[in-house]
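What follows is a set of notes on a single structure, which appears directly below.
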Amino acid sequence: MTKKFQNFIDGKWCDAISGKTFENRNPSNWDEVVGTFPKSSKEDVDRAVSEARKAFDTWRLVPEPKRGDIMRKVGDLMVGKKEDLARQMTREMGKVLAETRGDVQEGIDTAYYASSEGRRLFGRTVPSELPNKFNMAMRVPIGVAGVVTPWNFPMAIPTWKIFPALLSGHTVVFKPASDTPATATSLVEILLEAGVPEGVINIVHGGGGEVGMGIVGHPDVDLVSFTGSTVVGKKISEVAAGTLKRVSLELGGKNAQLVMGDADLDLALEGVLWGAFGTTGQRCTATSRLLLDERIYDKFVDMLVTRTRKLRLGSGLLPDVDVGPCINEGQRKTVQEYVEIGLKEGARLGTGGHVPKGNGLEKGWFHEPTIFLDVRPNHRIAQEEIFGPVLSVIKVGSLREGVEILNGTIYGLSSSVYTKDVNSAFQAIRDIKAGITYINAPTIGAEAHMPFGGVKQTGNGHREGGWTVYDFFTEWKTVYVDFSGGLQRAQIDNYSS
Ligand code: UN1
């Protein structure tokens, strides 16, 4: 029997008002149905937003340390369920178990961080220019937060947004990707079990157009946090402008790893294999360009191609598999189209480039890990985000040229430089235009307590993670208390002339 999932609105599990549903299937084996989910519409969004609005009145008054206690329970519950959550996630979106365990762990780390923030969430006291007057600025919640999340980190990314939103006093309307609705439902169940009250967390399943944009355009949603493609991010910006709401956008990347001639090549090899083919290349932080110093180009390409050919494709639940499938038919098609584009542009396939045959892979959205050689910086495969297991290799003559090429896209999320030379490392740190730079480590591997986000068209300047996410999820209220007993006019009474 297919498992039937529901929305959660105002403390009740419920179907879409229309009664419509959609199916979610395992991308490693499309015969396997993970479950059916409500295909919601604008009316469902309206209900969820109005309940979240009501719940805000009481939730905002719960002391922050109490909200922090709930977050600690959330973390504890996730620890207990880690293995089950990881297995459910692998079935639902395909990445290997080691990675889905990491994804859940990122959620646990975020929960404990949020819990500790409950006893901080610092404001400032500031001296007044007048006697017997007290000045302070404090953080206050904004209201109803809309959270719209992708499928590649089905647990971690929702927690990056929902936990700080709740901790700082917001109520939430959550629209998860329709490719990973089961993991999102488990997250809501955990929040409820930990004691998040009715109406404070609401989940509405369905498509991005109707449900996602319904949330973004809703006049009663005060802020929206979104992770996804740059194309959708721009639309969200436009729709949100209608109500001037605050929006945090985490969008695309075309991240590069630069390997200098003096680098530890074995280390750089492990880094690029993990950066390019971890999560089947479906990360906004994935390494999709490899910039190689001409002094080591031939040698490194040999090492890379040999190792990539050994990567094993398959169901992420099997112990010896390195790379899972693409998320769905559309995503694999995109990968195939870019392989065609790369060949037409004159790049050469080092390995991969095909849909694999046999070995039990015929019912999944698998694509071979693919390496393009002789790529030029202006080729489309070196400029556009593919979101799949495709790596473009470019030869560079110097650190300066490498950094220039690394910077030469519309994106600026993550970056990586392998070198043993401290001067080269610091020059690169100074000159790279990206939100994140790794030295002697791959472009992936962000930690929950550090700022996460990018520059240029990767986002709109906000940061998730760490202390910085609270700059998005709070508003400053400035407070003056005059205890002089008289009228004191700032700028006037304290200056005699
Ligand atoms: C993403 O790809 O959307 O650093 C987020 C990383 C992960 C997060 C990636 N911890 O790759």
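The values are calculated or read from the model by the stated rules, or taken from the named source; none is laboratory data. These figures come from a predicted structure and were not determined experimentally. Don't worry about glycine lacking a Cβ; one is built from the backbone with ideal geometry, like all the others, and counts go over all protein chains shown. Protein only, heavy atoms only, side chains kept; ligands, DNA and RNA dropped before computing areas. Shrake-Rupley method; radii C 1.70, N 1.55, O 1.52, S 1.80 Å.
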Once you charge only the Cβ atoms, +1 for Lys and Arg and -1 for Asp and Glu, what is the size of the charge dipole of the chain about its Cα centre, to the nearest 20 debye? 340 debye
Taking a probe of 1.4 angstrom, what is the accessible area of D69 in Å², to the nearest 10? 40 Å²
Within 14 Å, Cβ to Cβ, of F163, how many net charges do the neighbouring residues add up to if Lys/Arg are +1 and Asp/Glu are -1? -3
Which peptide among 406-418, 424-436 comes first, and what is the full order, when sorted by highest mean count of other Cβ atoms within 10 Å? 406-418, 424-436
Relative to the first principal axis of the alpha-carbon coordinates of the chain, what is the inclination of helix 265-277, with its axis defined by its Cα atoms, in degrees from 0 to 90 and to the nearest 10? 70 degrees
Would you mind calculating the relative contact order of segment 1-47 from Cα pairs under 8 angstrom and at least 6 residues apart, reporting the percent as a whole number? 41 percent
Can you tell me the order of 483-495, 326-338 when each peptide is scored by its average per-residue count of other Cβ atoms within 10 angstrom, highest first? 326-338, 483-495
Between segment 159-211 and segment 99-118, what is the C-alpha centre distance in whole Å? 15 Å
What are the GluC sites (Glu not before Pro) within segment 102-168 that DSSP puts in a loop, where the Cβ has at most 15 other Cβ atoms within 10 Å? E129
Calculate how steeply helix 181-194 sits against the longest principal axis of the alpha-carbon atoms of the chain, using the helix alpha-carbon long axis, and give the answer as 0 to 90 degrees to the nearest 10. 40 degrees
Angle check, please: helix 329-345 long axis (alpha carbons) against the longest principal axis of the chain (alpha carbons), in degrees 0 to 90, nearest 10. 50 degrees
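Just reorder D46, D302 by solvent-accessible area, largest first, 1.4 Å probe, all chains present.
So the residues, ranked largest to smallest area, are D302, D46.
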Rel. contact order, % - alpha carbon contacts under 8 angstrom, at least six apart, the chain: 18 percent
For segment 213-278 and segment 348-413, what is the centre-to-centre distance using only Cα atoms, to the nearest Å? 18 Å
Return a whole-number percent for the relative contact order of segment 163-236, with Cα pairs under 8 Å and 6 or more residues apart as the contact set. 31 percent
Suppose only helical runs count, i.e. DSSP H with n ≥ 4. What mean residue ellipticity at 222 nm does that imply for the chain under -39500 (n - 2.57) per run, divided by all residues and rounded to the nearest 500 deg cm²/dmol? -11500 deg cm²/dmol
Loop-resident trypsin sites (Lys or Arg not before Pro) in segment 349-395 with no more than 13 other Cβ atoms inside 10 Å, DSSP not H/G/I/E/B, are K357
